[in-house]
Amino acid sequence: MTFQQLLDGAEVLAHSGDPGVSGVEYDSRRVKPGCLFVAMRGETSDGNRFIDQAISAGAVAVVTDSAAEKPRAGVAWAVVPSGRRALARVSANFYRKPAERMAVTGITGTNGKSTTAFLVESILTAAGRKSALIGTIEYHVAGKVLPAPHTTPEALELNRIFSEALGNGASDVVMEVSSHALAQERVFGVPFDVAVFTNLTRDHLDYHKTMEEYFTAKRVLFNGCGTDAPRAVVTNGDDEYGAKLAEFSRKASAVVLKYGWERGDLHAEKVEITTRGTRFDLVMPEGKIAVFSALIGRVNVYNILAAAGAGYARGCSASAIAAGIDRLACVPGRFERVDCGQPFTVVVDYAHTDDALRNLTALARELVAGAKGRVLTVFGCGGDRDRKKRPLMGEAAGRGSDFVVLTSDNPRSEDPVAIINDAVVGLQKTGVKYSVEADRRKAIALAVGEARPGDIVLLAGKGHEKVQVTRQGAAPFDDLEVGREALRVAGFECEAARAGT
């Protein structure tokens, strides 16, 4: 493909040269002979500093978002107003616009994106469709499960995944779309067929500064990311911001579906939540179906409604929707049980906001009510993130628990004790019994050691994550495995319990 062909549709201020191009890169360390190098300003670094390094590695063309950079002799050149938008257009052209040949469902919101994405994928599979999944926990592409370095990849990696999925017969892509990705235009040019909104609660304000700015970033998905607005929108009518999005979307999208607990185009009736799963009547625009899910809790009713709305918008039958909901046994790191035959429950969950902690502890309280058990919660707050949410998280954990162990959760460059001191202020307001243990491994062991028959121990915050990030870097750490280790030390037979499941 030639340089000019790759620039098709991009906003170009000036350009010269038209060599053949064999690859596209925005990281100079990955450039090989024949590549086009996209030099763009990022959040923490400027790719324009590495133009000469890329040329030395064999780049035959450069796209830059810096007018200060002068063309280099013998190298094709283009100046663009936005490096990220140019990367998106060039990447789509290089892979022959794969997103335009599949139906892409994008899911955004603060909580519930991953579970909703897994549910939509399951529904599409039940409907006989082949799909790819891109999200926080992992990527599913062409029958492979891949690690997920980012919830939403950069445009180059995204189009590479789209191309591989299309080449393996996928008709659909289900993807989580983060607010960071929307603000940074990583999905610029992706034509979303269906856009889903779960909810909006306080998170990422270290990046977005205000809730209104956070919402504005989310809304980009429903306005169109350099494309027309999505054909169909599915939004949570019980959420203040979801209701606003429904009104906003009616002007541009052909189909707007609202879901809610008791009202909406999709809603639930006769809800029964037990330790074995969730059962309810799912009311849809064209009738009512009985559904069962192994996922439990009020929040998962909302996730199921969102996924059912997306499946309905994609033309899946009621029977496929019910079957897809039923087939999904669990979502990694989302209310995932650690079962070693102990007489109390241990659960790993990704809850890392005050709203998510409230929902998690409320569900735990429901589950132990019959056994008159207690809720024991282990949690921490992330470093280098919004400090103002730390006392809110402390208060949420304290109000929903009988005993709390405040610990570390990816302190990054910050002092773990300083983070704990921010969170403990909210915890102390509740009067709950608590302990402070900065070492997360010891904190989990402490909570397990405190548990009695009928109790539930919540290991909150990390979920599917496999590392703890500190000043020293990323070290292996898996709450699921550390929970099993604590149970083994306490005398329970984890290996035998797993073999029997």
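The values are calculated or read from the model by the stated rules, or taken from the named source; none is laboratory data. Owing to the predicted nature of the structure, the values given are computational and were not obtained by experimental measurement. When we count neighbours, we look across all protein chains shown, and the Cβ atoms used for this are built from the backbone with ideal geometry, even at glycine. Ligands, DNA and RNA are excluded from the accessible area calculation, which covers all protein heavy atoms including side chains. Shrake-Rupley method; radii C 1.70, N 1.55, O 1.52, S 1.80 Å.
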> Name the pairs whose Cβ atoms lie under 6 Å apart, with the first residue in region 45-63 and farther than 16 Å from V80 by Cα, the second hydroxyl-bearing (S, T, Y), and 6 or more positions between them or separate chains?
Replying inline: F50/S28; Q53/S28; A54/S28
> Where residues in region 10-31 are part of a strand (DSSP E or B) and open to solvent by 20 Å² or more (accessible area, probe 1.4 Å), which of them is farthest from R85 (Cα to Cα)?
Replying inline: G20
>> Step by step: first the residues of region 93-137, then only those that are in a helix (DSSP H, G or I) and polar (S, T, N, Q), then the one that is surrounded by the fewest Cβ atoms within 10 Å (Cβ to Cβ). Which residue is that?
In response: T125
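Would you pick out the residues in region 360-391 that are more than 20 Å from the chain's Cα centre (by Cα) and under 19 Å from G463 (Cβ atoms)?
The initial filter retains those residues of region 360-391 that are more than 20 Å from the chain's Cα centre (by Cα), namely 361-378, 387-388, 390-391.
Within region 360-391, T361, A362, L363, A364, L367, V375, L376, T377, V378, R390 qualify.
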> Which members of region 419-437 meet the condition of being open to solvent by 40 Å² or more (accessible area, probe 1.4 Å) and more than 14 Å from S401 (Cβ to Cβ)?
Replying inline: N421, V425, V436, E437
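Let me confirm something: among T210, T216, T152, T201, which residue is of a type in the set (S, T, Y) and either at pLDDT 95 or above or surrounded by 22 or more Cβ atoms within 10 Å (Cβ to Cβ) (or both)? Before the answer, list the steps.
On the way: T210 fails: either at pLDDT 95 or above or surrounded by 22 or more Cβ atoms within 10 Å (Cβ to Cβ) (or both); T216 fails: either at pLDDT 95 or above or surrounded by 22 or more Cβ atoms within 10 Å (Cβ to Cβ) (or both); T201 fails: either at pLDDT 95 or above or surrounded by 22 or more Cβ atoms within 10 Å (Cβ to Cβ) (or both).
Exactly one of T210, T216, T152, T201 is of a type in the set (S, T, Y) and either at pLDDT 95 or above or surrounded by 22 or more Cβ atoms within 10 Å (Cβ to Cβ) (or both), namely T152.
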> If you check G106 against the conditions, is it at positive phi and of a type outside the set (A, V, I, L, M, F, W, C)?
Replying inline: no
>> One residue is enough: does region 387-397 have a residue meeting the conditions surrounded by 21 or more Cβ atoms within 10 Å (Cβ to Cβ) and modelled with pLDDT under 95?
In response: yes
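Might you check whether a residue that is part of a loop (DSSP other than H, G, I, E, B) and over 32 Å from the mean Cα position of the chain (by Cα) occurs anywhere in region 38-57? Reasoning before the result, please.
To start, the set of residues in region 38-57 that are part of a loop (DSSP other than H, G, I, E, B) comprises 40, 42-45, 57.
Pick out the ones that are also over 32 Å from the mean Cα position of the chain (by Cα) and you get 57.
Yes, region 38-57 has at least one match.
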>> If A475 meets every condition in (1) modelled with pLDDT of 95 or more; (2) in contact with a helix residue (DSSP H, G or I) (Cβ under 9 Å, 6 or more places away or on another chain) apart from one, which number is that one?
In response: (2)
> Within region 138-190, can you find the residues that are closer than 16 Å to I107 by Cβ and assigned to a loop (DSSP other than H, G, I, E, B)?
Replying inline: A148, H150, T151, T152, P153, V177, S178, R186, V187, V190
>> Under 6 Å between Cβ atoms, which residue pairs at least 6 apart in sequence (or on different chains) link something in region 248-271 that is farther than 14 Å from K288 by Cα with a partner that is loosely packed, with under 13 Cβ neighbours inside 10 Å?
In response: V256/R250
>> Pull out all pairs, ordered by first then second residue, where Cβ-Cβ is under 7 Å, the residues are six or more apart or on different chains, the first lies in region 355-370 and is open to solvent by 60 Å² or more (accessible area, probe 1.4 Å) and assigned to a helix (DSSP H, G or I), and the second is at pLDDT 90 or above and among the small types (G, A, S).
In response: R358/A396; R358/G400; R365/G400
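Just wondering, is there one or more residues in region 361-379 that are closer than 30 Å to P285 by Cα and polar (S, T, N, Q)? Break it down into steps so the answer makes sense when it comes.
Here is the first cut: in region 361-379, the ones closer than 30 Å to P285 by Cα are 363.
If we keep only those that are polar (S, T, N, Q) as well, we get none.
No; the residues of region 361-379 include none that is closer than 30 Å to P285 by Cα and polar (S, T, N, Q).
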> Taking interchain pairs and intrachain pairs at least six residues apart, which have beta carbon atoms under 9 angstrom, with the first residue in region 216-228 and assigned to a loop (DSSP other than H, G, I, E, B) and the second of a type in the set (F, W, Y) and surrounded by 18 or more Cβ atoms within 10 Å (Cβ to Cβ)?
Replying inline: G224/F192; C225/F188; C225/F192; G226/F188; T227/F188; T227/F192
>> Please count how many residues of region 32-47 are small (G, A, S), at pLDDT below 95 and surrounded by 14 or more Cβ atoms within 10 Å (Cβ to Cβ).
In response: 0
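Restricting the search to region 418-451, which residues are in a loop (DSSP other than H, G, I, E, B) and free of Cβ contacts under 8 Å to residues at least 40 places away in the same chain?
Start the filter on region 418-451 by keeping residues that are in a loop (DSSP other than H, G, I, E, B), which leaves 431-432, 437-439, 451.
Result: G431, V432, E437, A438, D439.
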>> For region 235-311, give me every one of the strands (runs of 3 or more DSSP E) that falls completely inside it and has 1 or more residues that are surrounded by fewer than 22 Cβ atoms within 10 Å (Cβ to Cβ), modelled with pLDDT under 95 and on the phi < 0 side of the Ramachandran plot.
In response: 266-274
